[in-house]
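This report refers to the structure that appears directly beneath it.
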Amino acid sequence: MKEDLKKKFRELFGKDPEYSFFCPGRVNLIGEHIDYNGGKVMPCAISLGTYLVVAKNADKLFRFRCMNFPETADLHLQSSYSKTGKEWFNYPLGVINEFLKDGHTISGLDVLYYGNLPIGAGLSSSASIEVLTAYALKIIYGINISNTDIALLGKRVENEFIGVNSGIMDQFAVAMGKEHKAILLNCDSLDYEYLPFNTGDYILAIINSNKQRTLADSKYNERFAECGKALKLLKKELSAENLCDIDTRAFQDSRHLINDPVLEKRALHVVSENERVKEAKEVLSAGNLKRFGELMYASHQSLKELYEVSGKELDTIVEFCTTYGDCIGARMTGAGFGGCAIALVKKDKFDDFARQLMTYYTVKIGYEPGVFASAIGDGVREVKA
Ligand code: GLA
């Protein structure tokens with residue numbers, strides 16, 4: 001891939017790139033829609049992601065190109081930028097804007113991106129391009145910034161520049177991922193640990209529903225606001241900074257304060273999902289993959305019934321998984337409303353699983369899903385020759 005990308009760079013800019021970088025996407029094993037509620041999540045970086053080749057220019061221009069999109073932009077160096085339209089280059093532009101705001105000196109760059117992550121599929125293509133760009137700026141300009149701070153910067157871009165109230169999970173996962181490891185991240189304190197993700201005879205399958213969505217026009221911000229309202233009502237009796245500071249027992253005692261069935265369902269998902277993550281950590285360390293799979297199913301059920309962020313495409317995938325004997329767990333991953341699901345499937349049954357699922361899904365939904373096995377890989381990095 002790198003050679004194709006370099007060749008394209010030469011065609012576009014008439015010179016060689018000076019640097020190459022890669023940043024993965026992520027899947028979240030469990031802990032959905034709780035990062036912005038101060039909960040614990042368990043994502044891991046995957047082997048698919050976004051590549052960037054780049055060279056400085058003396059023209060004080062940012063020339064943005066991407067092999068996945070036809071839109072280009074040539075923007076003069078300014079002291080700050082704001083979002084223009086919905087084009088892909090708003091993500092790297094937002095990152096440049098953050099570095100400029102922080103007082104770093106950045107000048108002209110010719111950049112070419114290529115991603116092999118399905119876009120708008122819940123595998124964090126946007127966090128991937130944000131963290132990739134920030135990491136590249138750090139290396140190119142010798143800026144002293146940690147990967148955790150890069151993740152936080154990416155989140156600021158998402159929240160303030162793009163306008164999605166997302167949490168820290170995606171940026172953190174793609175910045176800090178480690179091969180064969182899941183990250184257990186406390187989204188309130190940002191404390192984290194790496195957990196060995198030993199799946200034994202099983203593999204982690206990713207199933208793309210091929211139903212696209214963008215968070216900017218999904219109900220993501222609506223859910224964020226609903227959680228804020230529920231917390232405010234619960235705070236009349238409970239002392240909590242975040243919904244995830246409340247355990248299920250305290251929640252049962254105080255849920256009457258919410259007095260709104262929809263908000264109550266949202267809060268119940270958050271509180272119970274946070275507890276599932278804690279149990280998931282225990283059963284993973286004990287090597288009890290079967291129970292881990294059950295927690296995945298329970299998480300999906302909660303996202304479907306209580307948080308209402310699934311949809312018929314993702315539900316159809318998980319419904320098939322529950323009937324397939326050699327699949328021990330499945331759930332939607334990421335924001336939902338379409339995008340991807342993950343499943344734990346017996347290694348030697350993967351091909352059969354994929355075939356049967358393709359037929360089942362296509363008959364019910366009318367078009368094919370994508371089914372692939374995923375490796376758990378490292379986070380953002382420079383790719384040397
Ligand atoms: C998106 C957001 C994350 C997280 C997930 C849901 O991926 O970017 O911050 O909220 O949805 O868990």
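Looking at (1) on the phi < 0 side of the Ramachandran plot; (2) not in a helix (DSSP H, G or I), which is the one condition that is false for Val131?
(2)
On the basis of being modelled with pLDDT of 95 or more and within 12 Å of the ligand (Cβ to nearest atom), does Asn147 make the cut?
Spelling it out, it is not the case that Asn147 is modelled with pLDDT of 95 or more and within 12 Å of the ligand (Cβ to nearest atom).
Determine the pairs where a residue that is outside the structural domain of Leu306 (by TED's automatic domain parsing) and under 17 Å from Glu308 (Cα atoms), located within region 247-275, has a partner that is part of a helix (DSSP H, G or I) and β-branched (Val, Ile, Thr) with Cβ atoms under 8 Å apart, the partner being 6 or more residues away or on another chain.
Correct list of pairs: empty, since none qualify.
Against the definition (more than 16 Å from the ligand (Cβ to nearest atom) and modelled with pLDDT of 95 or more), how does Gly108 come out, yes or no?
Taking the combined requirement at face value, the residue satisfies it.
The rows are residues; the columns are (1) touching a Cys at 6+ places or on another chain (Cβ under 8 Å); (2) touching a residue at least 24 places away in the same chain (Cβ under 8 Å); (3) of a type in the set (Asp, Glu).
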position: Ile30; (1), (2), (3): no, yes, no
position: Cys44; (1), (2), (3): no, yes, no
position: Gly49; (1), (2), (3): yes, yes, no
position: Lys56; (1), (2), (3): no, yes, no
position: Met67; (1), (2), (3): no, yes, no
position: Pro70; (1), (2), (3): no, no, no
position: Phe89; (1), (2), (3): yes, yes, no
position: Phe99; (1), (2), (3): no, yes, no
position: Thr105; (1), (2), (3): no, yes, no
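When only residues in region 140-163 that are among the hydroxyl-bearing types (Ser, Thr, Tyr) and part of a helix (DSSP H, G or I) count, which is farthest from the chain's Cα centre (by Cα)?
Checking each candidate, the answer is Tyr141.
So, in region 113-135, exactly how many residues are farther than 11 Å from Pro24 by Cβ and either outside the structural domain of Tyr51 (by TED's automatic domain parsing) or crowded, with 23+ Cβ neighbours inside 10 Å (or both)?
8
So which of Ile183, Ile162 is touching a residue at least 60 places away in the same chain (Cβ under 8 Å), buried (at least 23 other Cβ atoms within 10 Å of the Cβ), of a type in the set (A, V, I, L, M, F, W, C) and within 16 Å of the ligand (Cβ to nearest atom)?
Ile183
Looking at Ala373, Ala354, can you tell me which residue is at pLDDT below 95, more than 16 Å from the ligand (Cβ to nearest atom), on the phi < 0 side of the Ramachandran plot and out of contact with any Asp or Glu (no Cβ under 9 Å at 6 or more places or on another chain)?
One residue alone meets the criteria, Ala373.
Filter region 5-27 for residues that are more than 13 Å from the chain's Cα centre (by Cα) and of a type in the set (A, V, I, L, M, F, W, C); which is farthest from the ligand (Cβ to nearest atom)?
Quick first cut of region 5-27, residues more than 13 Å from the chain's Cα centre (by Cα) only: 5-22.
From what's left, of a type in the set (A, V, I, L, M, F, W, C): 5, 9, 12-13, 21-22.
Details: Leu5: 26, Phe9: 30, Leu12: 31, Phe13: 32, Phe21: 21, Phe22: 20 Å.
Across region 5-27, the extreme among qualifying residues is Phe13.
Looking at region 361-372, which of the residues that are surrounded by fewer than 18 Cβ atoms within 10 Å (Cβ to Cβ) and either outside the structural domain of Thr322 (by TED's automatic domain parsing) or not small (Gly, Ala, Ser) (or both) is nearest to Glu179 (Cα to Cα)? Spell out the reasoning first.
Here is the first cut: in region 361-372, the ones surrounded by fewer than 18 Cβ atoms within 10 Å (Cβ to Cβ) are 362-368, 370, 372.
Pick out the ones that are also either outside the structural domain of Thr322 (by TED's automatic domain parsing) or not small (Gly, Ala, Ser) (or both) and you get 362-365, 367-368, 372.
Working: Thr362: 33, Val363: 36, Lys364: 36, Ile365: 34, Tyr367: 33, Glu368: 30, Phe372: 18 Å.
Only one residue tops the list, namely Phe372.
Quick one: in region 28-62, which of the residues that are charged (D, E, K, R) and either part of a strand (DSSP E or B) or in the same structural domain as Leu234 (by TED's automatic domain parsing) (or both) is nearest to the ligand (Cβ to nearest atom)?
Lys40
Suppose we filter Leu123, Leu137, Leu93 for residues that are part of a helix (DSSP H, G or I) and under 30 Å from Phe337 (Cβ atoms); which single one remains?
Matching residue, one of Leu123, Leu137, Leu93: Leu93.
So Lys384 fits all but one of (1) basic (Lys, Arg); (2) surrounded by fewer than 22 Cβ atoms within 10 Å (Cβ to Cβ); (3) within 25 Å of Gly120 (Cβ to Cβ); what number is the exception?
(3)
The values are calculated or read from the model by the stated rules, or taken from the named source; none is laboratory data. Everything quoted here is computed from the prediction, not taken from an experiment. Note: ideal-geometry Cβ built from the backbone for every residue, glycine included; neighbour counts use all protein chains shown.
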